[in-house]
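Here is the structure we will look at.
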């Protein structure tokens, strides 16, 4: 299993929150992103970690299962962020409405 805690700089977002009668905790709005689900972990000390997850469409999962392709995409994004991208003009003439 990879390292679960990616950043140790925690910030308290609520204080003294108690579970309701159904043992639910309400999270502050600014801590929950749209479309996010959570994996929940706890340790022997009773500490709880919510690890946010998002789902991806099944037709995109191939990229995450192909390390070579994913590395090329990451390299391209890095080069673009560094201003190394080159315009190749419009590709509109190759576009097709047929799927």
**Prompt:** Does the range 46-58 include one or more residues that are loosely packed, with under 10 Cβ neighbours inside 10 Å, part of a helix (DSSP H, G or I) and modelled with pLDDT of 90 or more?
**Reply:** yes
**Request:** Give the range 63-90 a look and list any residue that's surrounded by 10 or more Cβ atoms within 10 Å (Cβ to Cβ) and closer than 26 Å to residue 4 by Cβ, or say none.
**Result:** 63, 64, 66, 70, 71, 73, 74, 77, 78
**Message:** Going through 93, 6 one at a time, which residue ends up being assigned to a helix (DSSP H, G or I) and either more than 21 Å from the chain's Cα centre (by Cα) or exposed (fewer than 10 other Cβ atoms within 10 Å of the Cβ) (or both)?
**Reply:** 93
**Request:** Could you please give the count of residues in the range 9-45 that are exposed (fewer than 10 other Cβ atoms within 10 Å of the Cβ) and part of a loop (DSSP other than H, G, I, E, B)?
**Result:** 20
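The values are calculated or read from the model by the stated rules, or taken from the named source; none is laboratory data. Here the structure is a predicted model, which is why all the values come from computation and not from measurement. Glycine gets a Cβ as well: all are built from the backbone with ideal geometry, and neighbour counts include every protein chain shown.
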